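First the structure, in the form of structure tokens, and then the observations on it.
The values are calculated or read from the model by the stated rules, or taken from the named source; none is laboratory data. Keep in mind that what you see is a predicted model, and the values were worked out from it rather than measured. So basically every Cβ, Gly included, is an ideal-geometry build from the backbone, and we count neighbours across all protein chains shown.
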There are 2 protein chains.
Amino acid sequence: MKELNIAIAGLGVVGSEVARIITKEAEMLASQAGMRLQLVAVSARSNRDRGFLMHGIDFVADAAQLAARKEVDIVVELIGGAEGVALDLCRSALINGKHVVSANKAMIAHHGHELALCAEEQDVQLSFEAAVAGGIPAIKLLREGLSANRIEQVTGILNGTCNYILTEMTQTGRSFADVLAEAQAKGYAEAEPSFDVDGIDAAHKLAILAAIAYGQKIDFDQVQIAGIRAISDIDIGFAADLGYVIKLLGNAVRGAVPGVQPCLVAQDSQLAKIDGALNAVAYSGSPVQSVVCTGPGAGDGPTASAVLADIIDIARGHRAYPFGRPVATLEDKANRREIAPGRYYLRMMVEDQIGVLNAVTAILRDHDISVESMLQKGRSDNAPVHLVLTTHATKKQAVEAACDSLRAASFIAGDILALPIMAGE
Amino acid sequence: MKELNIAIAGLGVVGSEVARIITKEAEMLASQAGMRLQLVAVSARSNRDRGFLMHGIDFVADAAQLAARKEVDIVVELIGGAEGVALDLCRSALINGKHVVSANKAMIAHHGHELALCAEEQDVQLSFEAAVAGGIPAIKLLREGLSANRIEQVTGILNGTCNYILTEMTQTGRSFADVLAEAQAKGYAEAEPSFDVDGIDAAHKLAILAAIAYGQKIDFDQVQIAGIRAISDIDIGFAADLGYVIKLLGNAVRGAVPGVQPCLVAQDSQLAKIDGALNAVAYSGSPVQSVVCTGPGAGDGPTASAVLADIIDIARGHRAYPFGRPVATLEDKANRREIAPGRYYLRMMVEDQIGVLNAVTAILRDHDISVESMLQKGRSDNAPVHLVLTTHATKKQAVEAACDSLRAASFIAGDILALPIMAGE
């Protein structure tokens, strides 16, 4: 039986799990791959025990060396970071004619185009299934399973940390800060949580999916990003009263600017039920209509499942363009049309005095915004109260302009939050 | 650009849709496939207009001829039926060195092993993504996306007609007969509905998934099958009172006999929300944990999406063993262990007289069955009443034996229904 020689760079929880499975499940993997998967070298910061036997496996301190080793067929990059060691390693591995499998969403979002070109020139495979939605084969589903479709929309719950925080807030009524602190204490959220809670991680993944779905050059910078820090328990409560839950969604509609932002999702929709650290991706297009896949969005096991599936595909001789088609045929950033009008949720603090409601609705009217419903909570002794409005279908620009006008008004206390309401299924 | 020549046998709604897309979306498909997909011949019972231009496409009345045509690279079999014309065509196409793409679950369930062997001997591809779960890439997800996993359980809502009927019964409180008649009138159910409502269609699909998941020779005959005819609006109501919905599930646990049967599913579980004609497949295993995919289980568009994805895979040079590994390494029907004990729902009609409850519980006690809850509905004037019990975890054999004893008892009127209650998520 032929052998495929693998080097792993980065032995965190995912790298260690991949190494453990390659060494302990050799028979099962060989029967799937049609080749023996041989772990020949690893690199990490320190050479401590990680739950697999290092017998016959070279340890190198400098990851860059892996790209130069003659016997290595595949370099598995699990270091992380958009640039630096990870990018240098992947670039030189590809140039040296080695296949690269990576779980690095930041690197692919920022440098995927260059790396894909490099892979194509060297006729080797660049795969990154594990970069998007953890254990869900989200890229394979889109690029191969739905290859005959004209995709019209990609929507996803792409960050498990945010989904966990929002789920906890919804189920317990606790505040964002409180739940985040607990998540950090439990190790579910990073000490520096910005990549997650500010939506950047989800935007990396959305950029990758949008590029594949629409055959475009990956362009992280165009993704509009809003995180979940502004979501208060007040919003969660208002949303529930209105029949919705709040989810951080990545959304890429064909031809429109992709965006990551908190959205109101109908309580009885499929995405509303994706709780905790689960991820979900929904693809709509023709002729398939709509396919939704859910699963664990992170963790050593699910991520290792995706990394190993990429390796097995390479062993099986399945070659695929990283973004679904030759780099030369990927479209440059297209002219982006406006997002279609939709309903919005607006929440503000207003002074509790006569005439305020009238003044608010006047500003909305002046921006051509039609109010659908209105809720008010909290009373009073002349303290500001929460006012929530939902609108009929409205252009995004009109909502933004109205928010600016409202912010400038004397009777508004504190900031204004505007969230899209996802169209029902 | 190279060309891939396709022949389609069977121009029903799916065949016509595949032909329409190949002829009308030629550019898009070519950019995905890296080859021009050329429809060169079709066969059907009559040569009437089906929404695509027949210019340059040969029409042949006898499907068998397609297998012999020199220029044909892929035969797409959309005739249906486990044997007969469909099987003859696929067999001879493979023997003649042509790839075969089929949506024919009955044929694959009964003759998939022989056909896979044939494909392997001729070194051509046999693909049948469209045979399982319509637009959901269920086979690709399992065979490639989760290729590194030891799968422990495959569960699915695999028949859209049954799911539609059960959903309607749940939402409207109507009877099975009533909803079936309406579904037939609307064209959602066949005039002869047995394949659907008796669970045979779902069993075909489950047999295919189980063979791939566990690397076994496909064996339709071992699948235990119960359909939905026995489910009454009474059961739907009782299930709702208990916090469940009734779904027809296919379920294949590693090492256990696969089965298709109506089950009680907790109202807040993911599968409970899969309504109407949707399908769902859930794969559990290690290291991925659990992945669930939902989408349209039938219809011309979704099925065409799956057929075309198979064709594009062939054009891309992606070759896969039909059942995930070489035929020679597929395991023969393994010794099947018993299904693990689980909770059950029991519904019976009992005479409304003193001492009956005591007699029922005595029979259950004698079979080592522990009762969890009990509900009674309907009264009385000495007419029989419905009695529903749920049990704690119980062996299947004990439930079957208890049902036999109950059926023999004088105070039982009518049949007894026993349904498994799915373990919570």
Test result for B:Thr303, in a strand (DSSP E or B), at negative phi, out of contact with any Pro (no Cβ under 7 Å at 6 or more places or on another chain) and within 11 Å of chain A (Cβ to nearest Cβ) | no
Could you say whether any residue in the stretch A:195-208 is over 15 Å from the mean Cα position of the chain (by Cα) and assigned to a helix (DSSP H, G or I)?
-> no
The lone condition B:Val307 fails out of (1) more than 19 Å from the chain's Cα centre (by Cα); (2) closer than 27 Å to A:Arg319 by Cβ is (1)
Could you grab me the full set of residues in the stretch B:79-97 that are in contact with a strand residue (DSSP E or B) (Cβ under 6 Å, 6 or more places away or on another chain) and touching a residue at least 60 places away in the same chain (Cβ under 8 Å)?
-> B:Ile79, B:Ala86, B:Leu89
Within the stretch A:167-184, is there a residue that is on the phi > 0 side of the Ramachandran plot, in contact (Cβ under 8 Å) with a residue 40 or more places away in the chain, in contact with a strand residue (DSSP E or B) (Cβ under 8 Å, 6 or more places away or on another chain) and small (Gly, Ala, Ser)?
-> no
Have a look at A:Ile21, A:Ile8 and point out the one that is hydrophobic (A, V, I, L, M, F, W, C) and either over 28 Å from B:Pro326 (Cβ atoms) or not assigned by TED's automatic domain parsing to the domain that holds A:Asp62 (or both).
-> A:Ile8
With the condition kept exactly as written, say whether any residue in the stretch B:243-262 is over 26 Å from B:Leu346 (Cβ atoms), more than 14 Å from every other protein chain (Cβ to nearest Cβ) and in a loop (DSSP other than H, G, I, E, B).
-> yes
Identify the single condition in (1) of a type outside the set (Gly, Ala, Ser); (2) under 26 Å from A:Ala203 (Cβ atoms); (3) in contact (Cβ under 8 Å) with a residue 40 or more places away in the chain that A:Asn104 does not satisfy, given that it satisfies every other one.
-> (3)
Out of all the residues in the stretch B:11-50, which are buried (at least 18 other Cβ atoms within 10 Å of the Cβ), more than 13 Å from A:Ser147 (Cα to Cα) and touching a Ser or Thr at 6+ places or on another chain (Cβ under 7 Å)?
-> B:Val14, B:Leu39
Residue identified as farther than 29 Å from B:Ala280 by Cα, part of a loop (DSSP other than H, G, I, E, B) and within 14 Å of chain B (Cβ to nearest Cβ) among A:Gly324, A:Gly276, A:Gly317 | A:Gly317
Is there a residue in the stretch A:312-324 that is closer than 21 Å to B:Pro302 by Cβ and not assigned by TED's automatic domain parsing to the domain that holds A:Val154?
-> yes
Where in the stretch A:60-169 are there strands (runs of 3 or more DSSP E), lying fully within it, with 3 or more residues that are within 14 Å of another protein chain (Cβ to nearest Cβ)?
-> A:150-157
